[in-house]
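Novice: Supplied in structure tokens, the structure appears directly below.
The values are calculated or read from the model by the stated rules, or taken from the named source; none is laboratory data. None of these values were measured; they are calculated from a predicted model. For neighbour counting, all protein chains shown are included, and Cβ atoms are generated from backbone atoms with ideal geometry for every residue, glycine included.
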Amino acid sequence: MTTREPSRFLRWYLSSMASFVPEWIRAACMGRPMARTCHFVDGKSSDHRHTLPASLLVGGKKPSAASSRNAIDAVVPERLFLTRRVSLPRKAAARMLQIGTLDIAQKTPLQADEITWAVGPVLREKDHVQMTQVIALNSDLVAWRERMDAANRPLRRVYARVCGRDVLIADFEKATSPYARLWPVFNLAGATIAFACALYLWALPGLQAADRVARLTSETDRLQAQALELRRQVESQKTDEERQQRILSAVSDAPLLFDAVVAATTALPDSVWVSQYIFDPSGVRMFAEVNGSAVDLLYALAEQPLLPNAIMQGDIQATISGTEEFWLLHDHVSPQ
């Protein structure tokens, strides 16, 4: 028995939205059986695809079975239902169902568990509302379902044709498709899996690129460490080469140094003391202290060729002991 009626706006909105969605899409997504609308008419049907004789429902003869099983939405003539007019104040229009249920219990011998009823056309006047009650016996609905099941035309919904309007009386969708409630779960799971696969395929190039970047970063770090190690090895080898070159230079310059020391020892008088002796490719320098005049020493060295081109470098510094200190520079001594 119907206990609540959707608002007119909600009914209009749902019917409008449903008209935009093909029946097969709703059946695939929601698991609802597909059905075609058939109008039951008195006499013979004019179009077997859209009309059927009412004798299939109430006739004594058992209907013949169709070659294939197809669910239908039956639009049944008004004469097969009980219709009542109930007048109620306009302010009570929002409580049509409650008032209609109470009116049936009080003014008819019908019990609530024996019938199924719905609100039919509603005539709204200035102060009153005329509500049409469309009542069907549950026994009739059961008989209609059994007869149509035997004819391979199971009923999905039953509508009453009242005043040119189809009023929904009964909906057997849950009975005709008991597993329909599982279809949204399966569809949601499938959509989730499809979305996850699409997301994975979309992110796969990025994941592969990130993996390549990680490998290249690791290889770059390894090559940088290897380059630093090679650089240390090159610098170590360069240092060794410089050390070897200095040793070779010292070995090659040893005779020249020996000749320069011998020449300086021979040329300098005993009144001259040498505290520093520097030998390099540009010449020989020595820091000397002379007990006497440094200028006289330079004149004496100029008269003999043992220390060629001997000159004074820098200033002469006098010490407290009366001696003079200065830097003496001369060319390399020719080998003997």
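Novice: If I go through the stretch 285-329 residue by residue, how many of them are surrounded by 15 or more Cβ atoms within 10 Å (Cβ to Cβ), in contact with a helix residue (DSSP H, G or I) (Cβ under 8 Å, 6 or more places away or on another chain) and at pLDDT below 85?
Specialist: Summing the residues that are surrounded by 15 or more Cβ atoms within 10 Å (Cβ to Cβ), in contact with a helix residue (DSSP H, G or I) (Cβ under 8 Å, 6 or more places away or on another chain) and at pLDDT below 85 in the stretch 285-329 gives 5.
Novice: Out of the stretch 95-107, which residues are free of Cβ contacts under 8 Å to residues at least 60 places away in the same chain and either surrounded by 15 or more Cβ atoms within 10 Å (Cβ to Cβ) or aliphatic (A, V, I, L, M) (or both)?
Specialist: Ile99, Gly100, Leu102, Asp103, Ile104, Ala105 - these are the residues of the stretch 95-107 that are free of Cβ contacts under 8 Å to residues at least 60 places away in the same chain and either surrounded by 15 or more Cβ atoms within 10 Å (Cβ to Cβ) or aliphatic (A, V, I, L, M) (or both).
Novice: Since Ser15 meets every condition but one in (1) at pLDDT below 65; (2) more than 30 Å from Lys126 (Cα to Cα); (3) surrounded by fewer than 17 Cβ atoms within 10 Å (Cβ to Cβ), which condition does it not meet?
Specialist: Every listed condition holds for Ser15 apart from (2).
Novice: May I pose another question? Quick check on this structure: which one of Asp140, Asp149 is closer than 18 Å to Val58 by Cα and either of a type in the set (Phe, Trp, Tyr) or free of Cβ contacts under 8 Å to residues at least 12 places away in the same chain (or both)?
Specialist: Answer to the check: Asp149.
Novice: Just one of Pro89, Pro109, Pro121 is touching a Gly at 6+ places or on another chain (Cβ under 9 Å) and farther than 18 Å from Ala54 by Cα; which is it?
Specialist: On the way: Pro89 fails: touching a Gly at 6+ places or on another chain (Cβ under 9 Å); Pro109 fails: touching a Gly at 6+ places or on another chain (Cβ under 9 Å).
Checking each option against the conditions leaves just Pro121.
Novice: Ala65 fails exactly one of the following numbered conditions: (1) in a loop (DSSP other than H, G, I, E, B); (2) at pLDDT below 75; (3) in the same structural domain as Pro109 (by TED's automatic domain parsing). What is the number of that condition?
Specialist: For Ala65, the failing item is (2).
Novice: Here's a check for you: in the stretch 35-50, which residue that is assigned to a loop (DSSP other than H, G, I, E, B) and of a type in the set (Lys, Arg) is modelled with the highest pLDDT?
Specialist: Within the stretch 35-50, the match that is modelled with the highest pLDDT is Lys44.
Novice: For Ala54, indicate whether it is closer than 20 Å to Val158 by Cα and in contact (Cβ under 8 Å) with a residue 24 or more places away in the chain.
Specialist: yes
Novice: Against the condition crowded, with 16+ Cβ neighbours inside 10 Å and either modelled with pLDDT of 90 or more or out of contact with any His (no Cβ under 8 Å at 6 or more places or on another chain) (or both), how does Thr217 come out, does it pass?
Specialist: Considered against the rule, which asks whether it is crowded, with 16+ Cβ neighbours inside 10 Å and either modelled with pLDDT of 90 or more or out of contact with any His (no Cβ under 8 Å at 6 or more places or on another chain) (or both), Thr217 comes out as no.
Novice: Considering only residues that are free of Cβ contacts under 8 Å to residues at least 60 places away in the same chain and out of contact with any strand residue (DSSP E or B) (no Cβ under 7 Å at 6 or more places or on another chain), which ones fall in the stretch 59-94?
Specialist: Let us first name the residues in the stretch 59-94 that are free of Cβ contacts under 8 Å to residues at least 60 places away in the same chain, namely 59-61, 79, 82, 84-94.
Selection gives Gly59, Gly60, Lys61, Arg79, Lys91, Ala92, Ala94.
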